[in-house]
Amino acid sequence: MTVNSELTEQYLSEGELLQQSRKFDEAIAQYRKILALEPDAAIAHSKIAEVYYAQQKYVEAIGQCYQTLRQQPNFASAYKTLGNILQAQGKTDAAVRAYSKAIEFDPNFVEAYVNLGSMCYKQSLLDEAITYYQKAINIQPDLATAYWNLGKVLEQQGRINEGLIYQEKALKLEPNLEKIGKNAQ
């Protein structure tokens, strides 16, 4: 490992911890240190995009996503972040395309499947939503949110008992999910 790659890993790790602690400006400062070492570091632009998204600075976030994708066109995480931004802006079709691109480049990208499921749910495409949630569960069998959302979709289809089974499974995995579950869709 080179000195630059060790520093990059250190700045990335520190930035992610700061980001999780919602210390966004400090996180961006760490990610910018990566760019000072490696101006073409797609991961740094992608992480900055995530921070801007969390701050609801959508124009800046989109700019960082596009910067990431110019440097690394198959960067699945940037497509997922772009999908999140577009979804927040109410641009459903564009968000679906972004999530689909994320899956194209990373077929095991669980978050993208869950987000696609949620987009289908919002469009009343319940069978498609079920398919995406099931794919997420197949990849990550301990993902409580996917079970919860799948249960809600089945419930909406009138498959109450089946839906309750999935919601119970979700609550076994994550007991606090019911409290936040109202926002999980």
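Of all residues assigned to segment 93-106, at least one qualifies as being touching a helix residue (DSSP H, G or I) at 6+ places or on another chain (Cβ under 8 Å), part of a loop (DSSP other than H, G, I, E, B) and under 22 Å from ALA44 (Cβ atoms). For segment 138-151, a residue qualifies if it is in a helix (DSSP H, G or I) and surrounded by 19 or more Cβ atoms within 10 Å (Cβ to Cβ), and the qualifying residues are ALA144, THR145, ALA146, TYR147, TRP148, ASN149, LEU150, GLY151.
Checking the condition open to solvent by less than 80 Å² (accessible area, probe 1.4 Å) and of a type in the set (D, E, K, R), which residue from LYS122, LYS101 passes?
Sole residue among the options that is open to solvent by less than 80 Å² (accessible area, probe 1.4 Å) and of a type in the set (D, E, K, R): LYS101.
Among the residues of segment 105-119, those that are out of contact with any Phe, Trp or Tyr (no Cβ under 6 Å at 6 or more places or on another chain) and either in contact (Cβ under 8 Å) with a residue 24 or more places away in the chain or under 17 Å from TYR52 (Cβ atoms) (or both) comprise PHE105, ASP106, ASN108, PHE109, VAL110, GLU111, VAL114, SER118, MET119. Beta carbons closer than 8 Å, at least 6 apart along the sequence or on distinct chains, pair a first residue in segment 2-30 that is buried (at least 17 other Cβ atoms within 10 Å of the Cβ) with a second that is of a type in the set (Asp, Glu) for THR8/GLU38; LEU18/GLU26; GLN19/GLU50; ALA27/GLU16; GLN30/GLU14.
Residues of segment 46-70 that are under 16 Å from the mean Cα position of the chain (by Cα), among the basic types (Lys, Arg) and surrounded by fewer than 15 Cβ atoms within 10 Å (Cβ to Cβ): none at all. Only one of the numbered conditions (1) open to solvent by 30 Å² or more (accessible area, probe 1.4 Å); (2) over 11 Å from the mean Cα position of the chain (by Cα); (3) in contact (Cβ under 8 Å) with a residue 12 or more places away in the chain is violated by PRO73, and that is (3).
The values are calculated or read from the model by the stated rules, or taken from the named source; none is laboratory data. Please read all numbers here as calculations on a predicted model, not as lab measurements. Because the Cβ atoms are built from the backbone with ideal geometry, glycine has one as well, and the counts that use them run over all protein chains shown. Heads up: the accessible areas ignore ligands, DNA and RNA and are worked out on the full protein's heavy atoms, side chains in. Shrake-Rupley method; radii C 1.70, N 1.55, O 1.52, S 1.80 Å.
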